[in-house]
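Derivation of every value follows stated rules applied to the coordinates shown; laboratory data play no part. Not measured: the values here are computed from a predicted model. Here the Cβ positions follow ideal geometry from the backbone for every residue, glycine too, while neighbour counts run over all protein chains shown.
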Amino acid sequence: MLVTGACCFTGGCGGSETYTVGDLVEGLNGVLNITLNSDELLDIISSGEFAFGNSLSAGTPYEVGIVNQPEKQNCEVVENKSGSGDSGNVSSK
């Protein structure tokens, strides 16, 4: 099973930039529980795109962690598990 991660920036004129963390889960067969900065828990129940609900201010560090994995699957965040979202969009495969 594959979990990729990315940051997407949004911002308004004269406002501070924020970013969200999310991307894609592939090959999921069960429920995957992941966290953002150990604060926000997200339950993923099927393969596909995901995004955490909270936006972070540009430059704020983030870390994605796996709390629980589906039985008989080994899930991992393959790229961009952590960062600071201060250099524009972050993409991964």
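Points to keep in mind about this one:
- Separation in nanometres of the label points that stand 7 Å from Cα toward Cβ, at A51 and E79: 1.9
- Protection proxy ranking of 19-25, 40-46, by the mean of other Cβ atoms within 10 Å over each peptide's residues and highest first, is 19-25, 40-46.
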